[in-house]
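I have placed the structure first, in the form of C-alpha cells, so that the comments after it can refer back to it.
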Amino acid sequence: MQQRTQVAIIGGGPAGLLLSHMLHLGGIKSVVLERQTKAYVLKRIRAGVLEYGSVKLLRNAGLGERLDREGHVHDGCFIVWQDREPLLVSTKEHAGKPMWSHGQTAITEELYRVRERDGGSIVEEADNVRLHDIDGAAPKVTYDWNGESRTLSCDFIAGCDGFHGVSRRSIPASLVRTFERAYPFGWLGIMSETPPVGEVIYARHARGFALASLRNPMLSRYYIQCSLDSDIAEWPDERFWDELKQRFPPGIAEKIVTGPSIEKSIAPLRSFVAEPMRYGRLFLAGDAAHIVPPTGAKGLNLAISDVFYLQRALIEHFRNGDDQYLDSYSDMALRRVWGAVRLSWQLTKLLHVFPDEDAFESRIKASEFDYLQASPKAQAALAEQYAGLPFEE
Ligand code: RFL
Ligand code: PHB
C-alpha cells in the first residue's frame with residue numbers, strides 16, 4: 001500500500017504525538033508510526049514533573065483542561081541531606097515559575113484523545129520501520145503492518161522514536177557525533193496507591209539517593225538508587241519501603257504511607273546527546289536525540305521544547321516557504337538540551353553515592369549542599385535551571 005503525508009512521524013510517545021497534534025493545529029498533515037500498541041505505550045510509567053514552560057505550551061495547544069484539573073502545583077522541590085535541615089529550591093521565588101506534578105501517562109492519554117478526536121492518523125504496531133532517501137527531496141518510510149508492506153511518502157521525517165529507535169541510527173555514522181556518560185547505578189521505582197508526602201523531595205543519604213514524588217492525592221511515586229545488577233525479585237515491597245524510609249530524615253520518613261506497589265521497575269541512568277539533530281529531511285526530537293538521567297526531571301520537558309521548535313519550523317516552511325527555523329532547529333534545540341544535560345549531570349553527581357566515592361568527595365558534596373543552604377544566590381542559580389530555561393524566539 002502507498003500513502004502520502006507531509007510529515008512522517010516515527011514514534012507515538014509524547015514527542016511524536018504532541019508534534020502531530022501541533023502540526024494539525026497549524027494545518028499540516030502527518031502520520032504517526034508507532035511500533036507498540038496504544039495500550040502498551042500508556043502502560044509505561046515515566047515522567048512526573050513538568051516545567052511551567054511545558055505547562056504553558058500544553059495549555060496553548062488546547063491540552064490544559066485535564067492538566068489544570070489533575071495537576072499539582074509546587075513552589076519548587078526539596079533537597080534533604082541526612083540530618084541537615086531540608087532545603088526548598090524555590091523556583092517560584094527565584095524564577096517566578098512554579099513546578100507541576102502531572103504524569104506523562106496522563107499527557108499521553110490526552111494526546112491520543114485529541115488526535116483521535118481530530119481524525120489524526122496513528123498507526124499502531126508498525127513493524128520494521130525503515131527510512132529511505134532522507135538526504136533527497138522526496139524521503140520515504142517503509143514498514144510492515146499486519147503482514148502487509150507499506151510505503152509512506154512525505155516531505156519530512158520526524159524521528160521521535162526514543163533512544164532505542166531507528167531514526168537516529170538511519171543517519172550515516174560519520175555524520176553524527178555522540179556524547180555519553182553512563183552512571184554506575186540505576187533507579188528502582190515504585191508506584192503505590194497511597195497518599196503521597198505531597199512534595200517532590202530529593203534525598204541524599206550515605207545509603208544512597210532516594211526520591212519522593214506523586215501523581216495525584218492517592219498515587220505516590222518513589223525511587224531509590226540501586227546497583228546496576230539489582231534484580232526486582234530481590235526487592236519485595238517491604239524491603240523497598242524499609243530502605244526508602246532509612247534514606248529520608250525521620251520527620252519525612254514518618255509521613256511516608258506504605259502499601260502494595262502497583263508497578264515496580266529499574267531504570268539505568270545515562271546522559272547522551274547526538275549532534276546534529278538533523279540529517280537532510282530527517283529531524284530528531286526528544287529521547288531519539290538525547291537522554292538525561294531523571295534526577296533533574298528534564299527528559300519530557302526537553303521532548304516538549306524540541307517539539308515546540310520543530311513544529312514552528314515546519315509550519316513556517318509549509319505556510320511561508322521560510323526555512324530559517326528549519327535550518328537553525330538543531331543548534332537552537334541543542335542549546336537548551338545541553339543546559340538540561342549539564343543540570344541533570346550536576347544533580348546526579350551531587351545526590352548519588354558513587355561506588356568509588358571516597359571520604360573526600362563525600363565531604364565536598366556535603367559542603368556543596370551547605371553552600372546551597374547558606375547562599376540565596378546559589379539557590380537562585382539552581383532554581384532557575386530546575387524551573388527550565390526559556391524557549392528561544
Ligand atoms: P519515548 O517516550 O521513548 O517514545 C518513543 C516512542 O517511539 C516508539 N518506537 C518506535 N516506533 C516505531 N518504530 C520504531 N523502530 C520505534 N522505536 C521506538 C516507542 O515505542 C515509543 O512509544 O520518547 P519521547 O516521546 O521522546 O519522550 C521522552 C520521555 O518519555 C522521557 O524523556 C521522559 O520519560 C524522561 N523522564 C522524565 N522526564 C521529565 O521531564 N520529568 C520527569 O520527572 C521524568 N522522570 C523519566 C522520568 C524517565 C524515566 N525512565 C524510565 C527512563 C523517570 C523515569 C524513571
Ligand atoms: C517522578 O515523579 O517520576 C519524578 C520526579 C522527579 C524526577 C524524576 C521523576 O526528577
**Residue identified as more than 8 Å from ligand 1 (Cβ to nearest atom), hydrophobic (A, V, I, L, M, F, W, C) and surrounded by 15 or more Cβ atoms within 10 Å (Cβ to Cβ) among ILE28, ILE45** = ILE28
**Asked** For PHE78, which of the numbered conditions (1) surrounded by 19 or more Cβ atoms within 10 Å (Cβ to Cβ); (2) under 23 Å from MET218 (Cα atoms); (3) within 11 Å of ligand 1 (Cβ to nearest atom) fails to hold?
**Response** (3)
**Message:** Can you tell me which condition MET22 does not meet? The list is (1) at pLDDT below 95; (2) away from ligand 2 (no atom under 16 Å from the Cβ), and all the others hold.
**Reply:** (1)
**Prompt:** Looking at ILE256, is it part of a strand (DSSP E or B), in contact with a Lys or Arg (Cβ under 8 Å, 6 or more places away or on another chain), of a type in the set (A, V, I, L, M, F, W, C) and open to solvent by less than 40 Å² (accessible area, probe 1.4 Å)?
**Reply:** no
**Request:** Might you check whether a residue that is in a helix (DSSP H, G or I) and at pLDDT 95 or above occurs anywhere in segment 265-283?
**Result:** no
**Message:** If a residue must be under 18 Å from ASP155 (Cβ atoms) and polar (S, T, N, Q), how many such residues does segment 298-328 contain?
**Reply:** 3
**Message:** Looking at the structure I just gave you, is ALA267 within 14 Å of ligand 1 (Cβ to nearest atom) and small (Gly, Ala, Ser)?
**Reply:** yes
**Message:** So, in segment 218-244, exactly how many residues are touching a residue at least 12 places away in the same chain (Cβ under 8 Å) and not small (Gly, Ala, Ser)?
**Reply:** 16
**Fill in**
Counting only residues in segment 141-196 that are more than 28 Å from ALA126 (Cα to Cα) and of a type in the set (Asp, Glu), the one surrounded by the fewest Cβ atoms within 10 Å (Cβ to Cβ) is identified as GLU180
**Prompt:** Which one of these is touching a residue at least 40 places away in the same chain (Cβ under 8 Å), open to solvent by less than 50 Å² (accessible area, probe 1.4 Å) and within 16 Å of ligand 2 (Cβ to nearest atom): GLY13, GLY53?
**Reply:** GLY13
**Complete:** Of the residues in segment 1-10, those that are out of contact with any helix residue (DSSP H, G or I) (no Cβ under 8 Å at 6 or more places or on another chain) and either buried (at least 24 other Cβ atoms within 10 Å of the Cβ) or not β-branched (Val, Ile, Thr) (or both) come to MET1, GLN2, GLN3, ARG4, ALA8
**Prompt:** Would you pick out the residues in segment 285-342 that are within 9 Å of ligand 1 (Cβ to nearest atom), under 18 Å from GLU392 (Cβ atoms) and not in a helix (DSSP H, G or I)?
**Reply:** ALA285, ALA289, HIS290, LYS298
**Request:** Go through (1) within 17 Å of HIS102 (Cβ to Cβ); (2) open to solvent by less than 30 Å² (accessible area, probe 1.4 Å) one by one and return the number of the condition PHE240 breaks.
**Result:** (1)
**Among the candidates SER330, SER367, residue that is modelled with pLDDT of 95 or more and either exposed (fewer than 12 other Cβ atoms within 10 Å of the Cβ) or charged (D, E, K, R) (or both)** = SER367
**Qualifying residues in segment 98-117 (those that are open to solvent by 50 Å² or more (accessible area, probe 1.4 Å) and more than 15 Å from ligand 1 (Cβ to nearest atom)) - the one nearest to the chain's Cα centre (by Cα)** = ARG113
**Item:** Test for SER192: is it polar (S, T, N, Q), in contact (Cβ under 8 Å) with a residue 60 or more places away in the chain and closer than 16 Å to PHE240 by Cα
**Value:** yes
**Fill in**
Exception for ALA15 within (1) over 26 Å from TYR223 (Cα atoms); (2) near ligand 1 (Cβ under 8 Å from one of its atoms) falls at (1)
**Prompt:** Yes or no: LEU33 away from ligand 2 (no atom under 15 Å from the Cβ), surrounded by fewer than 19 Cβ atoms within 10 Å (Cβ to Cβ) and of a type in the set (A, V, I, L, M)?
**Reply:** no
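The values are calculated or read from the model by the stated rules, or taken from the named source; none is laboratory data. If you're wondering where the values come from, they're calculated on a predicted model, not measured in any experiment. With ideal geometry, Cβ positions are generated from the backbone for all residues, glycine too; neighbour counts draw on all protein chains shown. With ligands, DNA and RNA removed, areas are computed over all heavy atoms of the protein, side chains included. Shrake-Rupley method; radii C 1.70, N 1.55, O 1.52, S 1.80 Å.
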